[in-house]
Amino acid sequence: MSSQRDPELAQELAAAVETRRELGAAYDEELVDSFVEKVNLRIDATVDKRVRRRLAEQQLPVGARGGGPGRAEPRGPGGPLGLAVASLLLAIPLSAIAASHVGLAGLFVAWSGIVGVNACYALSRRGDHE
């Protein structure tokens with residue numbers, strides 16, 4: 001059996017087995033049908049949840065790749081403002097480390113990397129709008 005057991009379903013099975021002991025073999029078919037129906041409902045719910053999750057996952061990248069003219073612009077820390085803030089926050093310690101260990105050349109390399117990342121992002125955004 002699966003390592004992910006459903007305690008509610010296990011209780012249902014235990015109740016069906018106990019009912020079978022009390023009522024005898026005369027109600028086997030009804031008990032089995034009832035339990036199978038509960039299992040089917042649980043499977044349907046699990047499949048529905050997975051399908052909804054997959055659809056949501058598929059729709060997310062479409063919007064990020066330029067899903068059409070009416071797509072929403074990214075907001076919050078994940079968009080252009082987030083990159084700008086992260087770049088400035090990382091620029092301070094990177095500049096200090098590069099300048100203290102390597103000097104002006106290290107400072108130039110650190111800032112070249114920061115500018116390069118921002119330039120690549122800006123170019124990719126411009127490509128999305130065309």
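Among the residues of segment 31-51, the ones that are surrounded by 13 or more Cβ atoms within 10 Å (Cβ to Cβ) and not small (Gly, Ala, Ser) come to 5 in all.
For segment 1-30, the candidate set comprises residues that are of a type in the set (Asp, Glu) and under 42 Å from the mean Cα position of the chain (by Cα); within that set, the residue that is surrounded by the most Cβ atoms within 10 Å (Cβ to Cβ) is GLU12. Would you point out which residue out of SER100, SER112 is at pLDDT 85 or above, over 30 Å from ASP6 (Cβ atoms) and open to solvent by less than 80 Å² (accessible area, probe 1.4 Å)? Of the residues listed, the single one that is at pLDDT 85 or above, over 30 Å from ASP6 (Cβ atoms) and open to solvent by less than 80 Å² (accessible area, probe 1.4 Å) is SER112.
Limited to segment 79-128, what total is found for residues that are of a type in the set (Lys, Arg) and without any contact (Cβ under 8 Å) to a residue 24 or more places away in the chain?
Total meeting the criteria: 1.
The values are calculated or read from the model by the stated rules, or taken from the named source; none is laboratory data. Computed from a predicted structure; not experimentally measured. Cβ: placed from backbone, ideal geometry, glycine included. Neighbour counts: every protein chain shown. We work out accessible area using only protein heavy atoms, side chains counted, and drop any ligands, DNA or RNA first. Shrake-Rupley method; radii C 1.70, N 1.55, O 1.52, S 1.80 Å.
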